[in-house]
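**Q** Before I ask anything, here is the structure I am working with.
Taken together, the values in this text are just the output of simple stated rules run on the coordinates, not laboratory data. In this text, all values refer to a predicted model and were calculated from it rather than measured experimentally. Note that we place each Cβ from the backbone using ideal geometry, even for glycine, and neighbour counts take in every protein chain shown.
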Amino acid sequence: MTSIMAPTSRNILVTGGSGYIAVHTIVCLLEAGYDVTAVDNCHNSSPEGLKRVLEITKIDLNRTPNRLRFFQADMNDEEAFEEAFRNSPRFEACIHFAGLKAVGESVQKPLFYYENNIGLTLVLLNLMEKYDCRAIIFSSSATVYGAAEVPITEDSQVGVGITNPYGKTKYFIEEILKDYKKAQDLDKGEQPRRPFSCVILRYFNPVGAHPSGLIGEDPNGPPNNLMPYVAQVVVGRRDKLVVYGNDYQTKDGTGVRDYIHIMDLADGHVCALTYIQEGKSGYGKTSTFNLGSGTGYSVLEMVEAMKKASGKDIPVEMGPRREGDIAVCYADCSLAKKELGWVAHRSLDEMCRDLWNWQSKNPNGYVKSFTGGVADNIRFSVGRSHVSGVRQTSKPKILNEFDEVDTENGENVNQNILSASSSTRQQVSDKSMKPPPVPLETLEKSKELHATTLVDQPSMESK
């Protein structure tokens, strides 16, 4: 973990805050002294991860209730999302993870991806403007480079050869942020304002988990990314791994990618926050950095490393190449080392060891694997849903107290507060009221319960 500490208590907004990359980053933020407000609609994630973050960091919200807040809301619903701004201390910065990320689905539903990923970013920027949040760190992806020559630097061409709408949304959002930053520089206004700072982090392929095994990657449905799929094969949730293409011009014929331990990636966000503090070299600028290991590993090398970590065999079947896949992709991360003081130092063996530790302890992910009550005071706000491109028309709501929940069936035992549809939850009419404390553990019953549209991490298969 990074040793950099926040100079004062500062509140950071984390969108897509219950997702894979986000929860690991929140651990690092809390340990570095930041307070965190997380927003997510749990479409492809579970608030259970945030409960475990508190266990890892040993934070008692009864004693320090402002360390972590969670608002469950669809960011495309500005009224619901604004509850997080309204009911939290001013945000020093935003780390923006939120967005749909399934490459195949984006090809099938391009308009949905453009509307969601770009739309929620515009809502976010408008609210940041309204509430004077003057810094953003954006979770971008190596997909913006297309089929660039390796090693890929930040100066490599972007926006050309991107093969799917998901990757294009990352590129378009980068351009939107640059345009917004330029406009902020031109707008002098009547009252002087702090300069706007923007850091774009282009991830390569995060894998692994926190070494405790308490948090890790837990996608809904079949994983879109290589290593969580491999891990599910090892624990018996999947029959075999199909490798798409073994005739590339690589050492063993399979595709080569740059994999980075999730905790190294999480540390990079804390370094980026330090970089944009007043008096630091990134303050008031737009900066872009690659975050990867700088080393390429083939699919079969990753499989062998996972075999070593787990001590188990992994059935593999060779399949044809997929359209849009490239042979080799890995990063040059020297700029991040120079400017951020950041470097990925965890090895491939550590990536697979920690991934196996997580998956073996949680073979079914977060479902029914934890019942602790360490997060009884995390605050929640729920807005209208935006599932499969169809908006529901329920007004924003505040979740009040929960009764006992049957985690086996995903139903409320007393049938008077929480049901299987957000449209039936009790509503507090005073929208200015702060969301009262509610037990997080009551939400572990089903990820589908609150399904809307936010997820976190970029697809590994698109790199």
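**Q** How compact and how long is region 26-165, expressed as Rg and Dmax of its alpha-carbon atoms in Å?
**A** 17.3, 52
**Q** What does the highest-first list of 349-356, 55-62 look like by mean Cβ count within 10 Å? Show your work: numbers first, answer last.
**A** Details: 349-356: 22.1, 55-62: 15.0.
Highest-to-lowest ranking by the protection proxy: 349-356, 55-62.
**Q** On to the next question. How long are the semi-axes of the equivalent ellipsoid of region 156-288, defined as square roots of 5 times the Cα gyration tensor eigenvalues? Whole Å, largest first.
**A** On the way: eigenvalues 281, 78, 37 Å².
Value: 37, 20, 14 Å, ordered largest first.
**Q** Which of the residue pairs 168/240; 240/308; 51/337 have a Cα-Cα distance greater than 28 Å in the structure shown? Working shown, then result.
**A** Numbers: 168/240 31 Å; 240/308 17 Å; 51/337 32 Å.
Pairs exceeding 28 Å: 168/240; 51/337.
**Q** Over the Cα atoms of region 119-174, compute the convex hull volume and normalise it per residue, giving Å³.
**A** Details: hull volume 4.6 nm³, N = 56.
Roughly 81 Å³ of hull volume per residue.
**Q** Could I ask something else about it? What three numbers, in Å, describe the spread of the alpha carbons of region 261-309 along their principal axes, ordered from the longest?
**A** 47, 17, 10
**Q** Restricting the calculation to Cα positions, tell me the Rg (one decimal) and the Dmax (whole number) of region 56-107 in Å.
**A** When restricted to Cα atoms, region 56-107 yields Rg and Dmax of 15.0, 47 Å.
**Q** How high is the FRET efficiency from residue 131 to residue 307, r the C-beta distance, R0 45 Å, rounded to 0.05? The partial results should precede the final answer.
**A** Working: r = 50 Å, r/R0 = 1.10.
Taking R0 as 45 Å, the efficiency between residue 131 and residue 307 is 0.35.
**Q** Mind pulling up the Rg/Rh value for region 141-211? Radius of gyration and Kirkwood radius, both on Cα. Each step should come with its number before you reach the end.
**A** On the way: Rg = 16.0 Å, Rh = 14.4 Å.
Radius of gyration over Kirkwood radius for region 141-211 works out to 1.11.
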